[in-house]
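The structure appears right after this line, and notes come after that.
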Amino acid sequence: MEHFSRPHNYGKIKNPDGVGKVGNLVCGDVMWLYIKVGKNKAGKEIIKDIKFETFGCVAAIATSSAITDLAKEKTLEEAIAIDKQEIVQSLGGLPPIKLHCSVLAADALAEAIFDYYAKQNRAIPKELEEKHHRIKKEKDIVEEKYKDWTQKEEEIHNQ
């Protein structure tokens, strides 16, 4: 409940290095995740700042908040490895019917990191490439089926 009543890292980063947008239009949850990448003392790239905007249920907001706490200051490789079990565990559990929200949060982070690598014209790790293709395939199916709604959601978000 802490992550829902007082979400951590809510908002938008100005000029983000990477943006991940995922959603489940069937249940109505849409997540935007923004990352800023920096370097740690060892010279490795880390997620220096991370914020989210989520339009969705209590679990969607809580998982969005939780993943920002889990990913902040992690190397990109460590952040990519964050999965739904780690998110659920950090929240102390989720009802089975809301487990898909933890998948959305992990997918939003993967898409933000993918976007960062793509913008940098860098080689994308195989695991991340596979996640991106799965997410894109699902997104394309949903957006085709609900294209009027997705266009409206984009208009509202960009206001």
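The values are calculated or read from the model by the stated rules, or taken from the named source; none is laboratory data. On a predicted model such as this, the values are computed, not experimentally measured, just so you know. Here Cβ is always computed from backbone atoms with ideal geometry, including for glycine, and neighbour counts include all displayed protein chains. Please note that ligands, DNA and RNA were not included when accessible areas were found on the heavy atoms of the full protein model with its side chains. Shrake-Rupley method; radii C 1.70, N 1.55, O 1.52, S 1.80 Å.
Within the bounds of segment 35-44, is there any residue that is in contact with an Asp or Glu (Cβ under 7 Å, 6 or more places away or on another chain) and touching a residue at least 60 places away in the same chain (Cβ under 8 Å)?
At the first step, the residues of segment 35-44 found to be in contact with an Asp or Glu (Cβ under 7 Å, 6 or more places away or on another chain) are 35-37, 39.
Right, trim to touching a residue at least 60 places away in the same chain (Cβ under 8 Å) and you get 35, 37.
The answer is yes; a qualifying residue exists.
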I want to confirm something. Restricting to segment 116-159 and keeping residues that are free of Cβ contacts under 8 Å to residues at least 60 places away in the same chain and among the β-branched types (Val, Ile, Thr), which single residue is nearest to Leu33 (Cα to Cα)?
Ile156
In segment 10-18, is there at least one residue being open to solvent by 20 Å² or more (accessible area, probe 1.4 Å), over 16 Å from Asp107 (Cα atoms) and outside any loop (DSSP other than H, G, I, E, B)?
yes
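Give the residue that is nearest to Tyr117 (Cα to Cα), with candidates limited to residues of segment 24-49 that are small (Gly, Ala, Ser) and open to solvent by less than 70 Å² (accessible area, probe 1.4 Å). Step through it out loud before you land on a result.
In the first step, residues of segment 24-49 are kept if they are small (Gly, Ala, Ser); the result is 28, 38, 42-43.
From what is left, the residues that are open to solvent by less than 70 Å² (accessible area, probe 1.4 Å) are 28, 38, 43.
Values: Gly28: 28, Gly38: 13, Gly43: 17 Å.
Looking at the filtered set, the residue picked out is Gly38.
For segment 48-61, which residues satisfy the criterion of being closer than 21 Å to Ile135 by Cα and either of a type in the set (Lys, Arg) or over 10 Å from the mean Cα position of the chain (by Cα) (or both)? First the steps, then the outcome.
The initial filter retains those residues of segment 48-61 that are closer than 21 Å to Ile135 by Cα, namely 50-57, 59-61.
Matches in segment 48-61: Lys51, Phe55, Gly56, Cys57, Ala59, Ala60, Ile61.
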Give segment 71-87 a look and list any residue that's touching a residue at least 24 places away in the same chain (Cβ under 8 Å) and over 25 Å from Lys41 (Cβ atoms), or say none.
Ile87
If Ile97 passes every condition in (1) under 16 Å from the mean Cα position of the chain (by Cα); (2) within 28 Å of Arg6 (Cβ to Cβ) but one, which one does it miss?
(1)
Quick check: anything in segment 50-59 surrounded by fewer than 16 Cβ atoms within 10 Å (Cβ to Cβ) and part of a loop (DSSP other than H, G, I, E, B)?
yes
Where in segment 70-159 are there helices (runs of 4 or more DSSP H), lying fully within it, with 2 or more residues that are among the hydrophobic types (A, V, I, L, M, F, W, C) and either surrounded by 20 or more Cβ atoms within 10 Å (Cβ to Cβ) or touching a helix residue (DSSP H, G or I) at 6+ places or on another chain (Cβ under 7 Å) (or both)?
76-80, 84-91, 99-119, 126-145
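Does Gly38 satisfy being farther than 22 Å from His132 by Cβ, of a type outside the set (Phe, Trp, Tyr), at pLDDT 95 or above and in a strand (DSSP E or B)?
Details: farther than 22 Å from His132 by Cβ: yes; of a type outside the set (Phe, Trp, Tyr): yes; at pLDDT 95 or above: yes; in a strand (DSSP E or B): yes.
Criteria met by Gly38.
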